[in-house]
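Data block below; observations after.
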Amino acid sequence: MNRTSFICIACIILFIHPHVSGQQTDSINHKHAIGIGAGFTTAYGLSYRYTPSRFGVQVNFAPFKNDYGTSVSTGLTFLYTLIPGRVASLFLYQGNHYYYNNETLYYEDAAKNVTASGKTNYFTKNTDSYVNNGIGFGIELLFAKQVAFNLMAGYASYVNFTQINITGEVGLYFKF
């Protein structure tokens, strides 16, 4: 390669590179994000992310109540960005999910009762709560300047550390 070709290629690279040419890049560091998330170890529901640096935190929350019971899914997830990028980023995550469910189950006994002339109605209250924990890798893909899709996978302990299996988590966020 002769000297003239090298200088031409170097000038083209310097002109195109956004930091040298003074152009602003699309990789604005958005610290906050809101959206929806669903996962076995990150919980499901409305989601908020705060990432001031490579370290970040995510909170998911979904309360539900009707005449038959109450259900709450809440999660706290810690994030660490391994490879930041303009379109895609690779990160590690550690998810913690607490689930609580209190419900009233109604059912009928089709057999005739000796003291009653018809069907007998029964109900029972069922309360369930557990913790899931997991760790794994995730990828964040930017659709637009402020819309991101997250896909996470790893290993988790389920139902208060009684089971171990793979896990998957997803999220859709608006970054600001």
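Please report Ser157, Ser73 as a ranked list, fewest other C-beta atoms within 10 angstrom at the top and most at the bottom.
Lowest to highest Cβ neighbour count: Ser157, Ser73.
Which of the chymotrypsin sites (Phe, Trp or Tyr not before Pro) found in the stretch 123-172 are in a DSSP loop and have at most 16 neighbouring Cβ atoms, other than their own, within 10 Å?
In loop regions of the stretch 123-172 (DSSP not H, G, I, E or B), the sparsely surrounded chymotrypsin sites (Phe, Trp or Tyr not before Pro) are Phe143, Phe161.
So how much slack lies between Tyr50 and Tyr155, counting 0.36 nm per residue of separation and subtracting their Cα-Cα distance, in nm?
Between Tyr50 and Tyr155, full extension yields 35.5 nm more.
For the stretch 31-175, rounded, prolate or oblate, judged on the Cα gyration tensor with a ≥ b ≥ c (square roots of eigenvalues), a/c < 1.5 rounded, else prolate if a/b > b/c?
It comes out prolate by the Cα gyration axes.
For Ile135 and Tyr107, what does the FRET efficiency come to when R0 = 41 Å and r is the distance between their Cβ atoms, rounded to the nearest 0.05?
Calculated value: 0.50.
Take Leu82, Leu172 and order them by how many other Cβ atoms sit within 10 Å, fewest up front.
Leu82, Leu172
For the stretch 31-175, what is the number of Lys pairs with C-alpha distance below 22 angstrom, counting only pairs 8 or more positions apart or on separate chains?
Summing the qualifying lysine pairs gives 4.
Computed from the coordinates by the stated procedures, all read-outs in this text should not be read as laboratory data. From a predicted model like this one, the values you see are computed outputs, not experimental measurements. Glycine gets a Cβ as well: all are built from the backbone with ideal geometry, and neighbour counts include every protein chain shown.
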